[in-house]
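Colleague: Shown below is the structure under consideration.
The values are calculated or read from the model by the stated rules, or taken from the named source; none is laboratory data. Please read all numbers here as calculations on a predicted model, not as lab measurements. When we count neighbours, we look across all protein chains shown, and the Cβ atoms used for this are built from the backbone with ideal geometry, even at glycine. With ligands, DNA and RNA removed, areas are computed over all heavy atoms of the protein, side chains included. Shrake-Rupley method; radii C 1.70, N 1.55, O 1.52, S 1.80 Å.
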Amino acid sequence: MPGGAAPPVGVDTLRVEAPVTMKAYLMCVFAAFGGIFFGYDSGYIAGVMGMDFFIKTMEGPGALVLPAWKKSLITSILSAGTFFGSLAAGDLADWIGRKFTVILGCMVFIVGVVLQTASASLGLIVAGRLIAGFGVGFVSAIIILYMSEIAPRKVRGAIVSGYQFCICIGLLLASCVNYATQDRDDSASYRVPIGLQMAWALILAGGLALLPESPRFFVRKGQLDKARVTLARLRDQPLDSEYIRDELAEIIANHEYETSIAPVGGYWSAWMVCFQGSIFNSSSNLRRTVLGTSLQMMQQWTGCNFVFYFGTTFFQQLGTISNPFLISLITTLVNVCSTPISFWSMERVGRRPLLIWGALGMVICQYIVAIIGTVKPDDDNCVKAMIAFICIYIFFFATTWGPGAWVVIGEVFPLPMRAKGVALSTASNWLWNCIIAVITPYMVDSDKGNLGAKVFWIWGSLCCCCFLYAFLLVPETKGLTLEQVDQMLNETTPRTSARWVPHSTYAGGEKAEKSVQHHEEKVTPSGSDGESQV
């Protein structure tokens, strides 16, 4: 049916979700806390690798810096663990549920942190970061999936952006703790920043244990009674509410439609569903998988983690900055203060325009930094200007690509493959995170490539690719339910997606009458307390 067609009689395309209540909003928002220990874990390592006591512990008395290969190994090994953890999370989320996969990830993460805290040698800290990486992989892949599935459509972009904001808070906390312990002349200088991570994991696991599971997970498992109960709890509505009935019918109908055109079989066939269809069909599973994985690759190509992973040591190498830890703290503060803008802009401006113009803004800032670093790298005033444009570049990232990439991957996959699609996308993020963490010290360190600030020529050029990518391939998904996103991708191209409006529901029309009637027989209220049964 074309985008402008009239909806079938009796179908209200707007009333497929209950109004947002404060209770429902707060329940969804808490899940964003997962970003804190993700961000903290990414941020603390830059400062620790620049601490005198840590350098001497790893290299021996008299050492001034860690060699490039050790910085590369220590930083990248976490990303290697998260890559495999993200892939495993896709299976776990479909098996034991979204929230329990995140809780399990927190427990694995704590084991890794204990090993890192106890470390006094390279081997133990590398082993600890590898194990912690598996836990971060579980959490980073599935928390986005969980948030996207439980959040009301009108605030979904803002809530998932809150995850990126919590990542920024974690980065800021890491910078503050590093700044406070940098001058200590004992093992507490690095053990305190490392050990503090356990607190964030315990808070997230404890809080999630009290929250409901995703109703879409229960629909996928055929447990429709539990789906209705959890949906009513999430929307803060009574079990017999028409809003709950309509939304549940829509989720069920969409799931049945998707499984009818792409049946899921055994273990390997469940993964192969992610690669079905043509790359030239914007609604095919393959195209969505490529979109999710390449979008996360592009987010890493922006060079964001160069600043957050290697900012302290990079500013030390410039040679004109008296306190590199303070500059790293400032850049992280810019990241934190900028990200809340996306809470408003993600729903008001939209995902697609933010990614397009954000990439352009980053290109301009990075090329200016590269020009300054090439022409006058030793001039104090020029270095100050360079730091200012790095901060502006971080502003553009924090308000666009930082949250935007996470929002879009949580929205574009249909329910039968959503867990695995988000897992593949997150694994792509960590794969490129790992690649960049491995190669960056070899590009910028004085005893290797010695690019210094000239590395921003590379990041700026890659951001040009991000600009073209967003313009050509990213669809607009704001204001739609996850089921409506599915319809939109079937009927539009990325460049026409912003003009699409919902015109029908999966639970509407002829097919729908059968579907709703069929499921009303399966999901019926019983008893005076309004509980439901299958």
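Colleague: Taking only region 274-284 into account, find how many residues are open to solvent by 20 Å² or more (accessible area, probe 1.4 Å) and either of a type outside the set (Ser, Thr, Tyr) or part of a helix (DSSP H, G or I) (or both).
Modeller: 6
Colleague: Here are the criteria: (1) open to solvent by less than 30 Å² (accessible area, probe 1.4 Å); (2) assigned to a helix (DSSP H, G or I); (3) in contact with a Lys or Arg (Cβ under 7 Å, 6 or more places away or on another chain); (4) of a type outside the set (Gly, Ala, Ser). Tell me which single one residue 213 does not satisfy.
Modeller: Condition not satisfied by residue 213: (2).
Colleague: Kindly evaluate residue 420 against the criterion of being touching a helix residue (DSSP H, G or I) at 6+ places or on another chain (Cβ under 7 Å), under 29 Å from residue 276 (Cβ atoms) and open to solvent by 10 Å² or more (accessible area, probe 1.4 Å).
Modeller: Taking the combined requirement at face value, the residue satisfies it.
Colleague: What number of residues within region 423-452 satisfy the criterion of being farther than 30 Å from residue 154 by Cα and surrounded by 24 or more Cβ atoms within 10 Å (Cβ to Cβ)?
Modeller: Residues that pass the stated criteria total 4.
Colleague: Here is a further query. It is to be established whether one or more residues within region 175-183 are open to solvent by 20 Å² or more (accessible area, probe 1.4 Å), outside any helix (DSSP H, G or I) and not aliphatic (A, V, I, L, M).
Modeller: Within region 175-183 (the criterion being open to solvent by 20 Å² or more (accessible area, probe 1.4 Å), outside any helix (DSSP H, G or I) and not aliphatic (A, V, I, L, M)), the answer is yes, since at least one residue qualifies.
Here is a yes/no grid of residues against (1) farther than 22 Å from residue 152 by Cα; (2) of a type outside the set (A, V, I, L, M, F, W, C):
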residue: 370; (1), (2): yes, no
residue: 375; (1), (2): yes, no
residue: 385; (1), (2): yes, no
residue: 388; (1), (2): yes, no
residue: 394; (1), (2): yes, no
residue: 400; (1), (2): no, yes
residue: 403; (1), (2): no, yes
residue: 412; (1), (2): no, no
residue: 456; (1), (2): yes, no
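Colleague: Identify the single condition in (1) of a type in the set (Gly, Ala, Ser); (2) touching a Ser or Thr at 6+ places or on another chain (Cβ under 9 Å); (3) modelled with pLDDT under 90 that residue 241 does not satisfy, given that it satisfies every other one.
Modeller: Looking at each condition in turn, residue 241 falls short on (2).
Colleague: Further, regarding this structure: For the structure I just gave you, tell me whether residue 288 is surrounded by 17 or more Cβ atoms within 10 Å (Cβ to Cβ), in a helix (DSSP H, G or I) and in contact with a Gly (Cβ under 7 Å, 6 or more places away or on another chain).
Modeller: yes
Colleague: Residue 362 - would you say it is hydrophobic (A, V, I, L, M, F, W, C), crowded, with 19+ Cβ neighbours inside 10 Å, part of a helix (DSSP H, G or I) and at pLDDT below 90?
Modeller: Considered against the rule, which asks whether it is hydrophobic (A, V, I, L, M, F, W, C), crowded, with 19+ Cβ neighbours inside 10 Å, part of a helix (DSSP H, G or I) and at pLDDT below 90, residue 362 comes out as no.
Let's see how each residue does on (1) in a helix (DSSP H, G or I); (2) of a type outside the set (A, V, I, L, M, F, W, C); (3) open to solvent by 10 Å² or more (accessible area, probe 1.4 Å):
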| site | (1), (2), (3) |
| --- | --- |
| 115 | yes, no, yes |
| 123 | yes, yes, yes |
| 130 | yes, no, yes |
| 133 | yes, yes, no |
| 138 | yes, no, yes |
| 143 | yes, no, no |
| 146 | yes, yes, no |
| 156 | yes, yes, no |
